[in-house]
Amino acid sequence: MKSVLKLSLSTIGCLSLFSGAILLQQARKLPSSARGENSSLRSLNVHSVSALSFSPALARASLVAPAASVQSHSYLGFDRNIYPGDDALPILRKTFSFASYWLSPSPGEKTNTWKGKRELLLSHGFGFLVLFRGPDTSELKTEADAKVKGTQDASTASVAAKKEGFALGTIIFLDIEEGGRLSAAYHKYLGAWSEELKRAGFLAGVYCSGIPVKEEPGVIITTADDIRNQGPLNDTLIWVFNDACPPSPGCAFPRDHPAPSASGIPYAEVWQFAQSPRRKERTAFCPTKYAPDGNCYSPNDTTHKWFLDVNTATSPDPSGGAK
């Protein structure tokens, strides 16, 4: 239309106030805001969630995902336990805005292959998901020991982050592979982990299960909710894994990236929705987009060199590590 409506200043003012009220009302409805050659090791570890009575039917019944449209925009990222190699970066960057970055050896590994690669990733325009390996419950014998270990691990992580060139304020995600409710000792560890990171000038995040499990009759729990409900940890950023279809789209790279809140965890900042290799008990209802070997590959990786896990986030730099 080429006609122009000439509104009086008073009319414009009223319209602005009316529009602002609508936007404020809508805002109140919004939710708060690797692998590598051994990727299968980390994926196998999370089978502990299955032991807690998971079923695809439970996921479909329990996860009524919020509409993805509530997020203004989401970004895709990948994670791998093993660094994919320098030659992979230009290819992976065509699809992904951010990448994982380990500060410690990943699960099952004795060395950290990501060490020293921050500047190269940054030069290709990647944002970061900064990771540190968390303990297994069996490693935390008592609450007192857990508190000491949490402090020590956070100190180690902060020192490593500084050496790798990450600025103060970067979010470091603790990798928790276990599902369901965590032990009292583990919560003590998390409290100490968060406190020490903040003391060192960094922020705490956790990578944990967002898959609902039946703990007992009438009680369904997710690890994310268990952590979130611990009061002091409410300001800890949550990165959830939930590869069950639904809500996961499977090994997919849609133009409209799903929002992290579509994972079933409304406050999640990051959602890992595909893992390599796929777990058949959870991905039976996924579209057939995984490769014949069961892994997930970037659409630009035509030779299938780098199987990976796929994430969506509310930011192209979820850890704020590109500063």
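Quick check: anything in segment 293-314 buried (at least 22 other Cβ atoms within 10 Å of the Cβ), within 29 Å of LYS188 (Cα to Cα) and not polar (S, T, N, Q)?
Checked segment 293-314: at least one residue is buried (at least 22 other Cβ atoms within 10 Å of the Cβ), within 29 Å of LYS188 (Cα to Cα) and not polar (S, T, N, Q).
Identify the single condition in (1) in a loop (DSSP other than H, G, I, E, B); (2) within 24 Å of ALA268 (Cβ to Cβ); (3) not hydroxyl-bearing (Ser, Thr, Tyr) that GLY165 does not satisfy, given that it satisfies every other one.
(2)
Picking from LYS94, LYS117, which residue would you name as being at pLDDT 95 or above, loosely packed, with under 13 Cβ neighbours inside 10 Å and within 22 Å of the chain's Cα centre (by Cα)?
LYS94
State which residue is farthest from SER158 (Cα to Cα) when the search covers only segment 120-135 and only residues that are of a type in the set (Phe, Trp, Tyr) and within 14 Å of the chain's Cα centre (by Cα).
Among residues in segment 120-135 that are of a type in the set (Phe, Trp, Tyr) and within 14 Å of the chain's Cα centre (by Cα), the one farthest from SER158 (Cα to Cα) is PHE128.
What are the residues in segment 287-323 that are hydrophobic (A, V, I, L, M, F, W, C) and not in a loop (DSSP other than H, G, I, E, B), if any?
VAL310, ALA313
I'm trying to understand the selection: among the residues of segment 239-254, which are in a strand (DSSP E or B) and out of contact with any Cys (no Cβ under 7 Å at 6 or more places or on another chain)?
TRP239, PHE241
Is it true that some residue in segment 273-286 is assigned to a strand (DSSP E or B), modelled with pLDDT of 95 or more and within 30 Å of LEU168 (Cα to Cα)?
So far as segment 273-286 goes, yes, one or more of its residues are assigned to a strand (DSSP E or B), modelled with pLDDT of 95 or more and within 30 Å of LEU168 (Cα to Cα).
What's the number of the only condition in (1) over 26 Å from LYS115 (Cα atoms); (2) at pLDDT below 95 that TYR186 fails to meet?
(2)
Give just the number: which of (1) crowded, with 17+ Cβ neighbours inside 10 Å; (2) at pLDDT 95 or above does GLN71 not satisfy?
If we test GLN71 against (1) crowded, with 17+ Cβ neighbours inside 10 Å; (2) at pLDDT 95 or above, just (2) comes out false.
Going through segment 137-177 one residue at a time, which ones are surrounded by 14 or more Cβ atoms within 10 Å (Cβ to Cβ) and among the acidic types (Asp, Glu)?
GLU143, ASP145, ASP153, GLU164, ASP175, GLU177
Looking for something modelled with pLDDT of 90 or more, closer than 22 Å to LEU76 by Cβ and crowded, with 21+ Cβ neighbours inside 10 Å - is there at least one such residue anywhere in segment 218-228?
Within segment 218-228, one or more residues are modelled with pLDDT of 90 or more, closer than 22 Å to LEU76 by Cβ and crowded, with 21+ Cβ neighbours inside 10 Å.
Out of the residues in segment 230-256 meeting the condition of being farther than 17 Å from THR283 by Cα and at pLDDT 90 or above, tell me which one is nearest to the chain's Cα centre (by Cα).
So, considering only residues that are farther than 17 Å from THR283 by Cα and at pLDDT 90 or above, the one nearest to the chain's Cα centre (by Cα) is TRP239.
Looking at ALA204, ALA192, ALA262, ALA224 in this structure, which one is touching a helix residue (DSSP H, G or I) at 6+ places or on another chain (Cβ under 6 Å), within 30 Å of SER158 (Cα to Cα) and assigned to a helix (DSSP H, G or I)?
ALA192
The values are calculated or read from the model by the stated rules, or taken from the named source; none is laboratory data. Keep in mind that what you see is a predicted model, and the values were worked out from it rather than measured. Quick reminder, even Gly has a Cβ in these numbers, built from the backbone with ideal geometry, and neighbours come from all protein chains shown.
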